[in-house]
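J.: Before anything else, here's the structure in question.
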Amino acid sequence: MLNTWGIDKQQVHVILRDNARNMKKAMDDMGVLSVGCIAHTLQLVVHEGLLSQRSITDTLANARKIVGHFKHSPQAYARLEDIQIDLKMPVKRLQQDVQVRWNSTHYMLQSLLEQKRSLSVYAADHNLAATLTVNQWTLMEKTVEVLAPFEELTRVVSAETATAADVISAITVLKRVLSREHSTDQGIKTVKSTLLEAVEKSFSQVETEPLYCIATLVDPRYKDRYFTNPDNLRQAKDALIQEVGKMEVRRAASEESEAEPVNKVPRQNTASSTLGSVFDEILEESETETGSVSTSSADVQMQSYLAQQTIPRSDNPLQYWRAHATPFPSLAAIAAKFLCAPCTGVDSERLFSAVSNVTDEKRNRLSADRVEMLTFLKKNLHFILK
């Protein structure tokens, strides 16, 4: 594919892949840097740390049977809608979870909890494929509560504007949320503890991955505030200094290469997020910390940048670097390089869906080249129209 698009392998910054071993092996054999999809890893943590428990598995099995009962019977859905109207409840349909669709289990449990009253009335007069006990309803409420931060962070890292710089901060915030004990319920504490262990195990190397740590440092929204391990932060700064040195050599050879960073779509405002206060809290704790005194040119440039105040999370980091390219030219060039890499494969998944919409049963004689051109236009035309 690189040859098809005329891209030299040396120009590849990173390839985002799934977590399959054969994909990791392929990227290693090709000799290019690659990282796995963060959203996929988050969902693996949820399934291995929470949804694999026997009591939750049994509850989910009954929940799927109930949702399936209505999905396969329009008559049953019509009866449920009548009950919702009689109870003056919003008319909503139950959501079915799909294993390959992230957060779908969370949405299914939410929809069932919202319709608990209407489902109880329906079960009094009609047969259901399964029933939920009082303990299972309680367990569903606890599961939704625990899954809420995972659902929100999955949406954050899956946004079109999310980059590799969002990874370390997201994992740090998730650990902070899971380690807090707001609830007195021992069951929730145990579940959170299990999930925290799974997160620490799955993301143990996230702060040592050069792509993530350098991208985080050059993102003016995060800088060095979200590193949890001082040794990892020290290594990240050393890696950034090395990149600054390399960039200064390249800039000396070609001064025109970093004239203007690439425009990016402004980030969505996430200040109202339920996890926003945790992001701000970590920033405030880190503002009082001071770095070591630096002597080299790269050190001075990096420390001067890190000493400045972070910008709001709703701001566009590339707009910041456009305004600060003069005092920090090498860092601005590094930011343009490292802040372009996405952290999830959501866009690729959406591309697969776009292809299925371009070619279907009524348009099954399109040539492969024509399908490729139509798909390319569908995914990129809006950039030109803007």
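The values are calculated or read from the model by the stated rules, or taken from the named source; none is laboratory data. Quick caveat: nothing in here was measured; it's all calculated off a predicted structure. Using ideal geometry, Cβ is built from the backbone for each residue, glycine included, and neighbour counts are taken over all protein chains shown.
J.: Do any helices (runs of 4 or more DSSP H) lying entirely in the stretch 9-88 carry at least 2 residues that are surrounded by 14 or more Cβ atoms within 10 Å (Cβ to Cβ) and in contact with a strand residue (DSSP E or B) (Cβ under 9 Å, 6 or more places away or on another chain), and which ones are they? Show your work before the answer.
T.: Details: elements: 21-30, 38-49, 54-71, 74-86.
Where helices (runs of 4 or more DSSP H) fall fully within the stretch 9-88 and carry at least 2 residues being surrounded by 14 or more Cβ atoms within 10 Å (Cβ to Cβ) and in contact with a strand residue (DSSP E or B) (Cβ under 9 Å, 6 or more places away or on another chain), they are 21-30.
J.: Can we say VAL46 is at pLDDT below 90 and closer than 23 Å to GLN136 by Cβ?
T.: Against the criterion (at pLDDT below 90 and closer than 23 Å to GLN136 by Cβ), VAL46 qualifies.
J.: Let me ask another. If I filter the stretch 1-52 down to residues being touching a residue at least 12 places away in the same chain (Cβ under 8 Å) and polar (S, T, N, Q), which single residue comes out as nearest to VAL134 (Cα to Cα)?
T.: My answer is GLN43.
J.: Could you tell me which numbered condition SER330 fails, if it satisfies all but one of (1) surrounded by 14 or more Cβ atoms within 10 Å (Cβ to Cβ); (2) among the polar types (S, T, N, Q); (3) at pLDDT below 90; (4) in a loop (DSSP other than H, G, I, E, B)?
T.: (4)
J.: Would you list the helices (runs of 4 or more DSSP H) that sit entirely within the stretch 137-225 and hold 1 or more residues that are more than 27 Å from GLN309 (Cβ to Cβ)?
T.: Working: elements: 166-179, 186-202, 210-217.
Where helices (runs of 4 or more DSSP H) fall fully within the stretch 137-225 and carry at least 1 residues being more than 27 Å from GLN309 (Cβ to Cβ), they are 166-179, 186-202.
J.: In the set LEU174, LEU128, LEU178, LEU147, which member is among the aliphatic types (A, V, I, L, M), outside the structural domain of ARG79 (by TED's automatic domain parsing) and farther than 24 Å from ASN316 by Cα?
T.: LEU178
J.: I would also like to ask the following. Could you tell me whether ALA123 is in contact with a helix residue (DSSP H, G or I) (Cβ under 6 Å, 6 or more places away or on another chain) and either exposed (fewer than 15 other Cβ atoms within 10 Å of the Cβ) or modelled with pLDDT of 90 or more (or both)?
T.: Values: in contact with a helix residue (DSSP H, G or I) (Cβ under 6 Å, 6 or more places away or on another chain): no; either exposed (fewer than 15 other Cβ atoms within 10 Å of the Cβ) or modelled with pLDDT of 90 or more (or both): yes.
No, not satisfied.
J.: Which of (1) surrounded by fewer than 19 Cβ atoms within 10 Å (Cβ to Cβ); (2) more than 24 Å from VAL46 (Cβ to Cβ) does GLN99 not meet, given it meets every other one?
T.: (2)
J.: Within the stretch 38-45, identify whether any single residue is over 18 Å from VAL206 (Cα atoms) and not basic (Lys, Arg), and answer yes or no.
T.: No.
J.: Determine whether SER353 is surrounded by fewer than 16 Cβ atoms within 10 Å (Cβ to Cβ) and either part of a loop (DSSP other than H, G, I, E, B) or not assigned by TED's automatic domain parsing to the domain that holds ASP18 (or both).
T.: So SER353 passes the test.
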